[in-house]
1. Got a sec? Which of B:633, B:637, B:593 is in contact (Cβ under 8 Å) with a residue 40 or more places away in the chain and either within 9 Å of chain A (Cβ to nearest Cβ) or more than 31 Å from the chain's Cα centre (by Cα) (or both)?
2. Residues of region B:464-512 being farther than 25 Å from residue B:556 by Cβ, among the basic types (Lys, Arg) and modelled with pLDDT of 95 or more, which ones?
3. Looking at region B:656-676, is at least one residue under 27 Å from the mean Cα position of the chain (by Cα), more than 9 Å from chain A (Cβ to nearest Cβ) and either assigned to a loop (DSSP other than H, G, I, E, B) or crowded, with 17+ Cβ neighbours inside 10 Å (or both)?
4. May I ask you to list the residues in region A:101-129 that are assigned to a loop (DSSP other than H, G, I, E, B) and buried (at least 19 other Cβ atoms within 10 Å of the Cβ)?
5. Applying the selection to region B:413-453, what residues are among the β-branched types (Val, Ile, Thr) and over 24 Å from residue A:417 (Cβ atoms)?
6. Just one of B:627, B:648 is modelled with pLDDT of 95 or more and either facing chain A (nearest Cβ under 9 Å) or surrounded by fewer than 22 Cβ atoms within 10 Å (Cβ to Cβ) (or both); which is it?
7. Being closer than 18 Å to residue A:651 by Cβ and either surrounded by fewer than 24 Cβ atoms within 10 Å (Cβ to Cβ) or within 13 Å of another protein chain (Cβ to nearest Cβ) (or both) is the requirement here; does residue B:168 meet it?
2 protein chains.
Amino acid sequence: MEGVDILPHERSKTQFDVDAMKIVWAGSRHAFEVSDRMARLVASDPAFQKDNRSRLGRKELFKNTLEESNICMETFGSCFVTEEEAGRLRFFVDEPAFTDLHWGMFVPAIKGQGTEEQQQKWLPLAYKMQIIGCYAQTELGHGSNVQGLETTATFDPDKDEFVIHSPTLTSSKWWPGGLGKVSTHAVVYARLITNGEEHGVHGFIVQLRSLDDHMPLPGITIGDIGMKFGNGAYNTMDNGVLTFDHVRIPRNQMLMRVLQVTSEGKCVQSNVPRQLIYGTMVFVRQTIVADASSALSRAVCIATRYSAVRRQFGSQDGVETQVIDYKTQQNRLFPLLASAYAFRFVGEWLKWLYTDVTQRLQANDFSTLPEAHACTAGLKSLTTTATADAIEECRKLCGGHGYLCASGLPELFAVYVPACTYEGDNVVLLLQVARFLMKTVSQLGSGKKPIGTTAYLGRVQDLMQCRCEVQTAEDWLKPSVMLEAFEARSARMCVARAQNLSKFANPEDGQMFLDGSHAFPLIHPFASGFAELSADLVEAAVAHCQLIVVSKFLDKLQQDIPGNGVKQQLQNLCYIYALNLLHKHLGDFLSTGCITPKQASLANDQLRSLYSQVRPNAIALVDAFNYTDHYLGSVLGRYDGNVYPKLYEEAWKDPLNDSVLPDGYNEYIHPLLKQQLHNARL
Amino acid sequence: MEGVDILPHERSKTQFDVDAMKIVWAGSRHAFEVSDRMARLVASDPAFQKDNRSRLGRKELFKNTLEESNICMETFGSCFVTEEEAGRLRFFVDEPAFTDLHWGMFVPAIKGQGTEEQQQKWLPLAYKMQIIGCYAQTELGHGSNVQGLETTATFDPDKDEFVIHSPTLTSSKWWPGGLGKVSTHAVVYARLITNGEEHGVHGFIVQLRSLDDHMPLPGITIGDIGMKFGNGAYNTMDNGVLTFDHVRIPRNQMLMRVLQVTSEGKCVQSNVPRQLIYGTMVFVRQTIVADASSALSRAVCIATRYSAVRRQFGSQDGVETQVIDYKTQQNRLFPLLASAYAFRFVGEWLKWLYTDVTQRLQANDFSTLPEAHACTAGLKSLTTTATADAIEECRKLCGGHGYLCASGLPELFAVYVPACTYEGDNVVLLLQVARFLMKTVSQLGSGKKPIGTTAYLGRVQDLMQCRCEVQTAEDWLKPSVMLEAFEARSARMCVARAQNLSKFANPEDGQMFLDGSHAFPLIHPFASGFAELSADLVEAAVAHCQLIVVSKFLDKLQQDIPGNGVKQQLQNLCYIYALNLLHKHLGDFLSTGCITPKQASLANDQLRSLYSQVRPNAIALVDAFNYTDHYLGSVLGRYDGNVYPKLYEEAWKDPLNDSVLPDGYNEYIHPLLKQQLHNARL
């Protein structure tokens, strides 16, 4: 069978309604239609061509980004594009750019932290992009720990100004996207000092460059921080460095929604609840989880299609076996396919959670905030770590050709991995989850009822004693059985950790610390018993987060899902996701006595059986993501399966093939062959 | 404490003789001295500067490689450089180049597969580099499966020539390094056809380019296959594509050491034992294991030093805590440090194994070959997979700054990962190991005694019944206890898999397959029961390979190791390596009943205690690798710890900083700010 016949043949075997699954994946028919239209729009515009990015030098690449951003802005400017459409369009353009920070951080920071007056002044300018802004928080020597920032903002009451200053080299702002070359303004985070006293870290609107000629203003040193991982990837972004030499700004450019500084330099708390700001963190992390399912599904789509096209070994009748038919391939690939769907649905649920939290905050109900925070922090960590690993695994699943940029996977990996460290380092986030779990467990005795995703801990006594009732492989397909196994594992791990903690004289201390980009009061996770046992605690947090994903997937299956065979496929994927986790973390399940070795072995049998059920539907299950070839950006993942002729064609575009003889032939190769090297004893 | 004071302070806490450890790491005083001299030689020559590689476009980068290769050749040509020194020099130049293939594959192929006469003709030309050669085996549609190659070599008795031809697009040679732009010759693998009959795949010496003007010869289409993962990385190599349109070569350019084709087109087997060739495979894989420990130790050195320099959170007294003091960091980092040493020692042992195999082959003793083959295949797979993952983990351990090319880690990852797929895909290799293990187990009843690394399976009855005697955390430090736990785990997994296999009607079939680049008779691993259970079988193979690494590390500790405190440090690392594996694979140990949950918990306690013992010695343990800052190629890993000023300095070298205003400012940024976009409704 020729390459181009393989995928149609695969599609003919599909046992479910792919169009219905596309709606499920997109979330709604409307969402599907918007995405579909925008994806095609981007794919059809040659200006958004992206397969050349890995061949461009830094300057060309960056210029290319500036051009594409302008075309986006022009498209947004046309009357046919709604805000939702604009978001999808940016998504399918698929290129990190300064606009991400302008719209995603600068504008929201002013909205969230600025007074009404400040919003009225700055937002119109920002909306029209008469100013371009970035978010200058992290410093050369300070990442996750906002309270460690060194930049100062000292109030000078004589002039009614703040003096923004970088007192040390390590206080240089470092990393902000859009800062290096483009932004005219920044929200700068600095230690507020008035009347000689420190008042914590706050945000200030600072103009960086002249609006006339774009030159840096006096006292400001600014530049790009240099090449990052990958060929294109985040090198389209001007992550920047910035230092201040006593730069003065008017007092009214401190963002004063929560704390105001008077003209005498007095600090006055406003009556705006600080917690309002924390809703933003829930929002940002929810989008990160959604992005994880996008990146993961993209990698899985490439690897699945190419695994069907590629043949190796096993030529019983002269034709080699499709790689996707090997159980070792299925065992690596199908759990990733299942994870893509699992993360999609937990992301959908997080959207609901964000709405719920927002409504409660508006009603001054802060009761669910800590649980929502722990939950989003944990899911951000879990999904981004899994996705980064999965992209690289998908690359390996494509064999040698996955190493070519033409496969799309190297760039996808390089552009994705920062998600593991930005918006909260993944391990630090898990420690926050662990802290919340330990606190929840410690309060069980007091009658305080755990809520939301921790509600199961209210049944801790049952969960400590329950016995898994699996006797056959099929028993693992009962939702209640699966859920109980994951609940029991997590509950028992939490309780065991809490018991170990209690053996320490000082299991925790009361020090506060601040998380990620926003102040959030959680007890510092690095203290005495907690510090000593932190690696174990992280494992308990992972178990809890995996339970959330499994339970939200099971919940999804309880919904009415239209489309012939669609629910059956989702069920298969749900159980693959859960059983694969069970196998990977078998030590947890066995050491806590949640299941027996025999039951674990039955789980493996069931997993193999599920792989066989997914196999004929694998191509259709990735088709359901509805990705254009443009968005996939991969010769290996082409919809038509015409991989090898296109790989061959693509090769000739490399700059090295511009000429038959390479640059340097005359200087280096010819003399070598002709034995004309200096000193050569050849 | 200033950055530059931190590492000296760390070094002052060292509890062992670092110079003695350097000798242990290098393998001998002589090896240390050669390495040390060559490392300094390379570091001191500005021609070998490498921190600019990530900023070069493909053409410049490639020209740069040609220049550096010439300088190497000139240095080799000077009378002061021995072959050993030349090898170390290339190692420290640290750049993939066409010369790797010329010396590492082309020359050895002629040596191994050419007749005396052929060697006399071709080797002198190759040694003098009057011709430059590459190794053209893999094809666009065919990687691991040599027997699937499509290129044909049809003998034409009338002209006493072979006709080399690419009958399909997928038969295009694809990937060979050095092919795209430089090589004048190649050893080409093709299906031999004489008198209308096929005689398997063989090697042929084919001239590709004119020795006068370097133009491709008639019938030959040749080029570079395009960009690969990373900025510099393997983009310094001209991996190539090559097709033949009925290219004729004289009959005597088929490599005929094993099989000869007469002028009438008859095939005649020589009396050279085919197995002689397999020694090469053991050799190549042994060097890959050694390379794994080099790459891993380099990443660990960077991450360890920066973990000491970097501070985050925990400012009890105004100074933030060194990241290396967090248990979560230690729990991720120290097992990688331990793995670097573990892989070093197992690599050393493999060198011995290769010598032993070679001596036996010369004496026509092939008895140890299957075991040696399985062992090297498994260790290649185990160490390269672990190293690739570890480099990325080290990158994450450096936080956000690990994402900068200046950290050295993105390029190290990108240049390393192909090791997981070349010279045998890592999963395919594990299946070969599993096959060998299943065969060994099935023969236990017949009285055939397992040898070498499988000898423990001879004690399978004891190992099925033994009970781990650990009662305290310290009990885990007994070598016999540790070894038995790993032996029992592997033996029990093997036996369980063999039992599961026996339940299938057709547990295996007799089909032969050929491995990697060399013909090696092993039963095909993808057949019926074996195929169905292959994912489980891979796990048994991993358990067996981990046992080998643990046991060789324990063996090393039995040797006389001079130097104050050196052995104690190695002991700590050995047990960290083993106990961390035990924790990661706890499901294996518990489900086979090798240890109890209580013993697993004690193992964790012991692990934490070992981390505390390693902590004060961590910097010295990476200093012992004796890497120059040049070789490390990382601002974060600098010996002097002066990280932040150098990161700041490095940033300004980016091409984007050549000018204050970026290319594209006038076309794109200015009009955007001035609202002069077409159609804009802004």
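1. Values: B:633 fails: either within 9 Å of chain A (Cβ to nearest Cβ) or more than 31 Å from the chain's Cα centre (by Cα) (or both); B:637 fails: either within 9 Å of chain A (Cβ to nearest Cβ) or more than 31 Å from the chain's Cα centre (by Cα) (or both).
After applying the criteria, what remains is B:593.
2. Within region B:464-512, B:467, B:492, B:497 meet the criteria.
3. Kept after step one, since they are under 27 Å from the mean Cα position of the chain (by Cα), are these residues of region B:656-676: none.
No, that holds for no residue.
4. Residues of region A:101-129 assigned to a loop (DSSP other than H, G, I, E, B): A:114-115, A:128-129.
Within region A:101-129, A:114, A:129 qualify.
5. Within region B:413-453, B:428, B:433, B:440, B:441, B:451, B:453 meet the criteria.
6. Details: B:627 fails: either facing chain A (nearest Cβ under 9 Å) or surrounded by fewer than 22 Cβ atoms within 10 Å (Cβ to Cβ) (or both).
One residue alone meets the criteria, B:648.
7. Details: closer than 18 Å to residue A:651 by Cβ: yes; either surrounded by fewer than 24 Cβ atoms within 10 Å (Cβ to Cβ) or within 13 Å of another protein chain (Cβ to nearest Cβ) (or both): yes.
Spelling it out, residue B:168 is indeed closer than 18 Å to residue A:651 by Cβ and either surrounded by fewer than 24 Cβ atoms within 10 Å (Cβ to Cβ) or within 13 Å of another protein chain (Cβ to nearest Cβ) (or both).
The rows are residues; the columns are (1) within 11 Å of chain B (Cβ to nearest Cβ); (2) hydroxyl-bearing (Ser, Thr, Tyr); (3) under 25 Å from residue A:572 (Cβ atoms); (4) within 21 Å of the chain's Cα centre (by Cα).
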| residue | (1), (2), (3), (4) |
| --- | --- |
| A:239 | yes, no, no, yes |
| A:245 | no, no, no, no |
| A:260 | no, no, no, no |
| A:273 | no, no, no, no |
| A:283 | no, no, no, yes |
| A:296 | no, no, yes, yes |
| A:302 | no, no, yes, yes |
| A:322 | no, no, yes, no |
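The values are calculated or read from the model by the stated rules, or taken from the named source; none is laboratory data. Every value quoted in this text rests on a predicted model; they were computed, and no experiment measured them. Glycine also receives a Cβ, built like all others from the backbone with ideal geometry; neighbour counts cover every protein chain displayed.
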